[in-house]
Amino acid sequence: TTGGARWDAAPVPVAPRSASAGLFAVACATDRLCLTTGGDYQAPRAGRDQFARTEDGRRWERTDLGGTAPGYWSGLAWAAGAGAFVAVGGGGTAVSRDAGRTWAVVDSVVYNAVSFAPGRRGEAPAGWAVGPRGAVVRVRP
């Protein structure tokens, strides 16, 4: 690597549909496996195919092609101890346990961001999401 001295752009097949749409979050499980997501924050429950993944940092592919997790996703995190990616946003909360290939919406409450810290030995990771009106909640993948 160049230690951040040089950055190369890679095309991601999640196209913005308006000025309020685009990619809003990225999370990596390894130095190669990364996911990105987004959508349109002015239409938080609209849109499909908002997820993309890479296994090499250069070639990105769309995922969730079945549209099981439609909407706008503003936060994305890797929960290492649970082996899952978690996305939050206008679409609620969605979880992927297969490296971002498929998603399941598990909650319809709107959150803006999510983060996980490693769990203690033998415990699930500690996750937290934040949202409108100062909401802070514990997330369990």
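The values are calculated or read from the model by the stated rules, or taken from the named source; none is laboratory data. These figures come from a predicted structure and were not determined experimentally. Counting neighbours? That spans all protein chains shown, and the Cβs are built from the backbone with ideal geometry, glycine included. Areas reflect the complete protein model, heavy atoms only, side chains present, ligands, DNA and RNA absent. Shrake-Rupley method; radii C 1.70, N 1.55, O 1.52, S 1.80 Å.
Going by the conditions given, is R101 basic (K, R), without any contact (Cβ under 8 Å) to a residue 60 or more places away in the chain, more than 27 Å from P11 (Cβ to Cβ) and open to solvent by 30 Å² or more (accessible area, probe 1.4 Å)? Break it down stepwise before answering.
Details: basic (K, R): yes; without any contact (Cβ under 8 Å) to a residue 60 or more places away in the chain: yes; more than 27 Å from P11 (Cβ to Cβ): no; open to solvent by 30 Å² or more (accessible area, probe 1.4 Å): yes.
Against the criterion (basic (K, R), without any contact (Cβ under 8 Å) to a residue 60 or more places away in the chain, more than 27 Å from P11 (Cβ to Cβ) and open to solvent by 30 Å² or more (accessible area, probe 1.4 Å)), R101 does not qualify.
Checking the structure you have, find out if any residue of region 22-36 is open to solvent by 80 Å² or more (accessible area, probe 1.4 Å) and either within 13 Å of the chain's Cα centre (by Cα) or hydrophobic (A, V, I, L, M, F, W, C) (or both).
Yes, the conditions are met somewhere in region 22-36.
Confirm whether A69 is buried (at least 24 other Cβ atoms within 10 Å of the Cβ), touching a Phe, Trp or Tyr at 6+ places or on another chain (Cβ under 8 Å) and modelled with pLDDT under 85.
Judged against the criteria, A69 is a match.
Just one of D40, D56, D31, D8 is acidic (D, E) and at pLDDT below 85; which is it?
On the way: D40 fails: at pLDDT below 85; D56 fails: at pLDDT below 85; D31 fails: at pLDDT below 85.
Checking each option against the conditions leaves just D8.
Mind listing whichever residues of region 106-125 are open to solvent by 30 Å² or more (accessible area, probe 1.4 Å) and either charged (D, E, K, R) or assigned to a strand (DSSP E or B) (or both)?
Of everything in region 106-125, those that are open to solvent by 30 Å² or more (accessible area, probe 1.4 Å) and either charged (D, E, K, R) or assigned to a strand (DSSP E or B) (or both) turn out to be V106, D107, A113, S115, F116, A117, R120, R121, E123.
Scan region 45-66 and give yes if some residue there is more than 13 Å from V14 (Cβ to Cβ), touching a Gly at 6+ places or on another chain (Cβ under 8 Å) and outside any strand (DSSP E or B), otherwise no. Steps first, answer last, please.
Within region 45-66, the subset more than 13 Å from V14 (Cβ to Cβ) is 45-46, 55-59, 66.
Next, only the ones that are touching a Gly at 6+ places or on another chain (Cβ under 8 Å) stay: 45-46.
Remaining after also requiring outside any strand (DSSP E or B): 45-46.
Looking for residues that are more than 13 Å from V14 (Cβ to Cβ), touching a Gly at 6+ places or on another chain (Cβ under 8 Å) and outside any strand (DSSP E or B), one finds at least one in region 45-66, hence yes.
Here is a list of conditions, (1) open to solvent by less than 10 Å² (accessible area, probe 1.4 Å); (2) in contact with a Leu (Cβ under 9 Å, 6 or more places away or on another chain); (3) within 24 Å of S20 (Cα to Cα); (4) not small (G, A, S), and F85 meets all of them except one; can you say which number that is?
Looking at each condition in turn, F85 falls short on (3).
In this structure, does V136 turn out to be open to solvent by 50 Å² or more (accessible area, probe 1.4 Å), free of Cβ contacts under 8 Å to residues at least 12 places away in the same chain and not in a loop (DSSP other than H, G, I, E, B)?
yes
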